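Structure record follows, encoded as structure tokens.
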Amino acid sequence: MNEQEYHQLADEMLLAVEESIDEIDFDLDYEAAGGILTIIFPNQSKIIINKQAPLLQLWVATKFNGHHFELIDDQWIDNRTGAEFWQLISDAATKQANTPIQFKPVN
């Protein structure tokens, strides 16, 4: 993957997360700017997703830890735990909100 392809795919993923937030029946807010998406919970905790173009990665910072995702076979996979992106942010959001939250791409 070259840098141009990376930017297109990473931007599509950030937009997909925004669209997913709009579909979730929970009071989540978000801010997006400059390749950074901040998901804000009612308790003021955050999940921050940002592009890391030099490494061709997406980084995710949760209240509990950080993750570095690489595109492998059309899925963003955490290079430390092997977790898939959508599952990891759903699990992290559920912990931070203390209620079940399911992120998924909107079709």
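Bear in mind these aren't lab numbers, they're just calculated from the coordinates by the rules spelled out. Bear in mind that the values here come from a model prediction, so they are computed numbers and not experimental data. Every residue, glycine as well, gets a Cβ built from its backbone with ideal geometry; the counts of neighbours run over all protein chains shown.
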**Q.** Distance in nm between pseudo-label sites at THR99 and ALA61 (7 Å out along the Cβ direction from Cα)
**A.** 2.7
Q. If contacts are Cα pairs under 8 angstrom and at least 6 residues apart, what is the relative contact order of the chain in percent?
A. 21
**Q.** Using alpha-carbon coordinates, inclination of helix 3-23 to the longest axis of the chain, degrees
**A.** 20
(Q) Just to confirm a number: summing +1 for Lys and Arg and -1 for Asp and Glu over residues other than VAL106 whose beta-carbon lies under 10 angstrom from that of VAL106, what do you get? (A) -3
Q. Which listed residue (ILE47, ALA32, ASN65) has the Cα farthest towards the positive end of the charge dipole for the stretch 22-107, taking +1 on Lys and Arg C-beta and -1 on Asp and Glu C-beta about the Cα centre?
A. ASN65
Q) Can you give the charge dipole size of the chain about its Cα centre, rounded to the nearest 20 debye, using +1 on the beta carbon of Lys and Arg and -1 on the beta carbon of Asp and Glu? A) 540
**Q.** Sum of -39500 (n - 2.57) over DSSP H runs of 4+, divided by residues of the chain (222 nm, nearest 500)
**A.** -10500 deg cm²/dmol
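Around ASP29, under 13 Å between beta carbons, what's the net of Lys plus Arg minus Asp minus Glu among the other residues?
Surrounding charge for ASP29 is -3.
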